[in-house]
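The structure appears right after this line, and notes come after that.
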Amino acid sequence: MTTVWQGLSLLLIALTLAGCLFQVASAVLVRRFRREPEPVPVDRPPISVMKPLCGAEHGMAENLESCLRQDYPQFQLVFGVSDPADPALKVVAELPRDLDGMEIDVVADATRHGHNLKVGNLLNMWPRVRHDVIAIADSDVRVGPHYLDDLAAPFADPKVGIVTCLYVGRPEAGLWSALGAMGINHGFLPGALVARAIGRKDGCFGATMAVRRQALEKGGGLAALSHVLADDWVLGRMVREQGLEIALAARPVDMNVHEDSFKTLLDHEIRWGRTIAAVDRTSYMASVITQPLALGALAVAAGGAWWPSLVALSSALACRLWAVRTEERALSLPRSGIGLLALREILSFVVYVVACCGRTVVWRGRKFSVRADGTLDQVEGSQT
C-alpha cells in the first residue's frame, strides 16, 4: 500500500470512528428526549394554525382531524389552497365543525407570490389569521390532543420567538415510503438533537413552526419567505436576528410518509439535501460523519482490506445497528430488517454525494436552482 493510499485510509478511519461516536451520542439523546417530562403551559393563549394544502394526500383526513381534536380552550384552523378545484377542499368540508373552542376558515386563492408556492398560499391565507400566536403546519402531520399545549408552553419565556417540532416518520405501505421514514427517524431526528446538544439552536423545522405575530411582522412577514426554498430556516433566522430564541416542543409530531416511487423519494431527499447545503454548506459537508458505514467501507477500499480499516468498519456496523435499535425502541417504531437498513445506508450516502454536487432541485414538477442564500431561480423550460 502506497503512502498516499495509507494516508487516505487513516483519514477515513478517523472519520469513521468520529461517526461511531456520533451514532452513540445521537441514540442516547433520542432516548433522553423521549423520556423528558412534558411541561404544562403557564398560559394558553389563542392560537391560529395555518394549514397550506395541495391535493388530497394519503391520510389527509386523519391528519387534519387530529389537529382539530385538541384539548385546548381556543384555537383557529385556517386551510388554504391555490386552486378552487383542489380535491383537498372536499376533505376539509367533511371535517367536524362542532368541537369546543375551535374555529375553521377556508381560503381558495390562486394569486401567486414568488417561487415558493407554499408561502404564496400562506400569504393568501394571512388576512384570515386572527390570533397573536401563529402556527404553520404541514398537511402530512398527525398530532396528539396536547399538540397546542406543547406549542404554547415554551412561550412562557419572553426570549422565545419560535417553537418548532421534531417529527417521526410513519410510513404508508411500500418500500419507498419505508425508506423515506427511516431517513427521518434515523437521520434527521437524531441529527437535530445532536445539533442542539452542541449549541446549534438555529434549527427550525417546517412540520410545525409556531411564531409570535409581533416577531413575524417585525422581520418582514411571510413575504420575506416567498422566494426561498428553505422557508423554515429563513423564518428561524428572521427571529434569531431579533435576539429571540427557537425552542423545541417537548413532543414530536408524526409525519405521514408516502413515496410513490424511487424517483419521487430521490427527488424529495435531494431537494432537502441541496436546500440545507445551499444555506449552510460547511455544516452539510461536515455531516458526512453521520454515515460511518459508508466511511468505513471507503476506508477498507482505500486501505486494501488493511486490518485497522476492517476494525473501523466493524465498529461502524455495530454502533449504527445499536443506534438504530435504540431509536426504534425510543420512538415506538417497528423493527427494520437488516436488508432494509443496508439499502437505507446506501441511499443516504448517494443522496449526500449528489446533494453536494449541484444546486438544482425538483419541486412540484418544476425545476429550480437554489442560490447560496436559499432563494430560488426557476430553470428555463421547466413546468409552470
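The values are calculated or read from the model by the stated rules, or taken from the named source; none is laboratory data. Quantities reported herein were computed from a predicted structural model and do not represent experimental measurements. We place every Cβ from the backbone using ideal geometry, glycine too, and count neighbours over all the protein chains shown.
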Tally up the residues in the range 242-266 that are within 15 Å of the chain's Cα centre (by Cα) and part of a helix (DSSP H, G or I), please. 1
Residue set 188, 205; condition farther than 29 Å from residue 113 by Cα and of a type in the set (Phe, Trp, Tyr); output residue 188
Filter the range 347-362 for residues that are out of contact with any Leu (no Cβ under 9 Å at 6 or more places or on another chain), in a helix (DSSP H, G or I) and not hydroxyl-bearing (Ser, Thr, Tyr); which is surrounded by the most Cβ atoms within 10 Å (Cβ to Cβ)? 355
Looking at the range 230-243, I want the residues that are under 10 Å from residue 203 (Cα atoms) and have a partner that is of a type in the set (Lys, Arg) and buried (at least 23 other Cβ atoms within 10 Å of the Cβ) with Cβ atoms under 9 Å, at least 6 apart or on another chain. Which pairs are those? none
If you go through the range 110-131 one residue at a time, how many are outside any helix (DSSP H, G or I) and either modelled with pLDDT of 95 or more or in contact with a strand residue (DSSP E or B) (Cβ under 7 Å, 6 or more places away or on another chain) (or both)? 5
One residue is enough: does the range 5-24 have a residue meeting the conditions assigned to a helix (DSSP H, G or I), among the hydroxyl-bearing types (Ser, Thr, Tyr) and either over 30 Å from residue 195 (Cα atoms) or in contact (Cβ under 8 Å) with a residue 40 or more places away in the chain (or both)? yes
Does at least one position in the range 105-113 carry a residue that is under 24 Å from the mean Cα position of the chain (by Cα), crowded, with 21+ Cβ neighbours inside 10 Å, within 20 Å of residue 209 (Cβ to Cβ) and not acidic (Asp, Glu)? no
Going residue by residue through the range 234-241, is there one that turns out to be at pLDDT 90 or above, touching a helix residue (DSSP H, G or I) at 6+ places or on another chain (Cβ under 6 Å) and either in a strand (DSSP E or B) or farther than 29 Å from residue 367 by Cβ (or both)? yes
Here are the criteria: (1) more than 29 Å from residue 217 (Cα to Cα); (2) touching a residue at least 24 places away in the same chain (Cβ under 8 Å); (3) in a loop (DSSP other than H, G, I, E, B). Tell me which single one residue 299 does not satisfy. (3)
Only one of 55, 114, 80 is over 30 Å from residue 325 (Cβ atoms) and in contact with a Ser or Thr (Cβ under 8 Å, 6 or more places away or on another chain), namely 114
Just a yes or no: is a residue in the range 48-69 without any contact (Cβ under 8 Å) to a residue 40 or more places away in the chain and of a type in the set (Asp, Glu)? yes
Within the range 49-84, take every residue that is among the polar types (S, T, N, Q) and more than 21 Å from the chain's Cα centre (by Cα) and give me the one that is farthest from residue 150 (Cα to Cα). 82
Provide a single number: the residues in the range 1-44 that are surrounded by 17 or more Cβ atoms within 10 Å (Cβ to Cβ) and of a type in the set (Gly, Ala, Ser). 4
Inside the range 165-190, can you point out the residues that are in a helix (DSSP H, G or I), among the hydrophobic types (A, V, I, L, M, F, W, C) and more than 10 Å from the chain's Cα centre (by Cα)? 175, 176, 178, 179, 181, 182
Scan the range 107-136 residue by residue and report those that are in contact (Cβ under 8 Å) with a residue 60 or more places away in the chain, closer than 17 Å to residue 67 by Cβ and among the aliphatic types (A, V, I, L, M). 122, 125, 129, 133, 134, 135, 136
Any residue in the range 80-94 that's assigned to a loop (DSSP other than H, G, I, E, B): show its pairings with residues that are surrounded by 14 or more Cβ atoms within 10 Å (Cβ to Cβ) at Cβ separation under 6 Å, as long as the two are six or more apart or on different chains. 82/121; 84/108; 87/56
Quick one: is residue 312 farther than 30 Å from residue 61 by Cβ, of a type in the set (Gly, Ala, Ser) and buried (at least 20 other Cβ atoms within 10 Å of the Cβ)? yes
Checked the range 194-217 for anything surrounded by fewer than 21 Cβ atoms within 10 Å (Cβ to Cβ) and assigned to a helix (DSSP H, G or I); matches are 194, 195, 196, 197, 213, 214, 215, 217
Considering only the range 137-159, state which residues are crowded, with 18+ Cβ neighbours inside 10 Å and closer than 15 Å to residue 214 by Cα. 155
Looking at the structure I just gave you, is residue 317 over 28 Å from residue 370 (Cα atoms), out of contact with any Gly (no Cβ under 9 Å at 6 or more places or on another chain) and aliphatic (A, V, I, L, M)? no
